[in-house]
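Single-structure report; data block below.
The values are calculated or read from the model by the stated rules, or taken from the named source; none is laboratory data. Being a predicted model, the structure only gives us computed values, none of them experimental. Here the Cβ positions follow ideal geometry from the backbone for every residue, glycine too, while neighbour counts run over all protein chains shown.
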């Protein structure tokens, strides 16, 4: 499965919850599949989906899912020790690991070579790290959201993209409606 | 006046309850003070752009955030400031140790100091420079201004403000 197929499959699981989605194609795909005010689309700043989602999870009690990619996590690898050492049970980090920088033309990442992000997350001190194959993600994600324990999911999948337009929503609109959803 | 306590008092009085820090020798006292306060959740970051991401999330979660860091971080965070904090119009007080200014003992620090105000000006970030201890009296107003305007705001605090590095 490629990322857009995974997002289509897990969209009903994500729908009731606050989701911070990675820059580029992941946000565009989620926007196309199930646009709603509980989605925060990153239009810039590669690498910070995990940090934004984690800050949000620390600041309030609702479940938060950060959708990240292997390339983005490699960009902001320092996030994993911060998350590990300040764990909060309402946070789930979903790393879609397709071994490539999808939004920029599928150049290979080191996560698709010798670097194992599951091992990295564990070595950083994350207690609850689950590696899962794409087709098995749904129940694992639901379990992570339902559990009181913070979970890092590394979802292995194929690399590949679909063609779709950029998000033209104004960033302040995205932020405002998201904050209203946080308060609701 | 204890400026570490005054800064922490003003942060608490302005309901700033989520603070991330990347350490600097000059900031050790204020970081320690922030860590002590029950009204503040203190979360150290590994890098300043990561910290700004945490602050963005905390703000959307209903908390007033702040970041404490060195001026070298301006070189690290320009993209984050422009495409996250400014693009989505979020407030962020940045309490910055202004290394490489008067009374600085480390020559390399001067190399970023000479760019600091120019970079902040280029980003249209409101910038205040604390050089004398009495300048801290403005801090409360700067915090109010930051959360009124929904912008990142820089407070540069140099070695003279912090009392220097002792005899050199």
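Conditions (1) assigned to a helix (DSSP H, G or I); (2) within 14 Å of another protein chain (Cβ to nearest Cβ); (3) without any contact (Cβ under 8 Å) to a residue 60 or more places away in the chain; (4) touching a strand residue (DSSP E or B) at 6+ places or on another chain (Cβ under 7 Å), marked per residue:
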{"residue": "A:94", "(1), (2), (3), (4)": "no, no, no, yes"}
{"residue": "A:111", "(1), (2), (3), (4)": "yes, no, yes, yes"}
{"residue": "A:125", "(1), (2), (3), (4)": "no, yes, yes, no"}
{"residue": "A:130", "(1), (2), (3), (4)": "no, no, yes, yes"}
{"residue": "A:145", "(1), (2), (3), (4)": "yes, no, no, yes"}
{"residue": "A:161", "(1), (2), (3), (4)": "no, no, no, no"}
{"residue": "A:174", "(1), (2), (3), (4)": "yes, yes, no, yes"}
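Against the numbered list (1) touching a residue at least 60 places away in the same chain (Cβ under 8 Å); (2) under 19 Å from residue B:127 (Cβ atoms); (3) touching a helix residue (DSSP H, G or I) at 6+ places or on another chain (Cβ under 6 Å), residue B:6 comes up short only at (2). Looking across the range B:1-19, the residues that are outside any helix (DSSP H, G or I) and over 20 Å from residue B:158 (Cα atoms) come down to B:14, B:15, B:16, B:17, B:18, B:19.
Condition test on residue B:56, is it modelled with pLDDT of 95 or more and under 14 Å from residue A:54 (Cβ atoms)? For residue B:56, the condition - modelled with pLDDT of 95 or more and under 14 Å from residue A:54 (Cβ atoms) - is met. Just to be sure, is residue A:98 closer than 25 Å to residue A:167 by Cα and in contact with a strand residue (DSSP E or B) (Cβ under 8 Å, 6 or more places away or on another chain)? Against the criterion (closer than 25 Å to residue A:167 by Cα and in contact with a strand residue (DSSP E or B) (Cβ under 8 Å, 6 or more places away or on another chain)), residue A:98 qualifies. Among the residues of the range B:34-50, the one identified as within 18 Å of residue B:77 (Cα to Cα) and more than 8 Å from chain A (Cβ to nearest Cβ) is B:48. Only residues that are outside any helix (DSSP H, G or I) and free of Cβ contacts under 8 Å to residues at least 40 places away in the same chain: list them for the range A:1-19, please. Matches in the range A:1-19: A:15, A:16.
Highlighted here are the helices (runs of 4 or more DSSP H) found entirely within the range A:20-82 that include at least 1 residues which are facing chain B (nearest Cβ under 9 Å) and at pLDDT 95 or above: A:49-59.
Within the set B:82, B:28, the sole residue that is over 23 Å from residue B:118 (Cα atoms) and out of contact with any strand residue (DSSP E or B) (no Cβ under 9 Å at 6 or more places or on another chain) turns out to be B:28. The set of residues from the range B:65-85 being facing chain A (nearest Cβ under 10 Å) and not in a helix (DSSP H, G or I) comprises just one member, B:65. Applying the criterion of being surrounded by fewer than 16 Cβ atoms within 10 Å (Cβ to Cβ) and farther than 12 Å from residue B:68 by Cα to the residues of the range B:7-24, the residue that is nearest to the other protein chains (Cβ to nearest Cβ) is B:15. Selection of the range B:30-56 for residues being surrounded by fewer than 19 Cβ atoms within 10 Å (Cβ to Cβ) and touching a residue at least 60 places away in the same chain (Cβ under 8 Å) yields an empty set. Do we have any residue at all in the range B:55-64 that's outside any strand (DSSP E or B) and more than 14 Å from chain A (Cβ to nearest Cβ)? Checked against the condition, which is being outside any strand (DSSP E or B) and more than 14 Å from chain A (Cβ to nearest Cβ), the range B:55-64 yields no hits at all.
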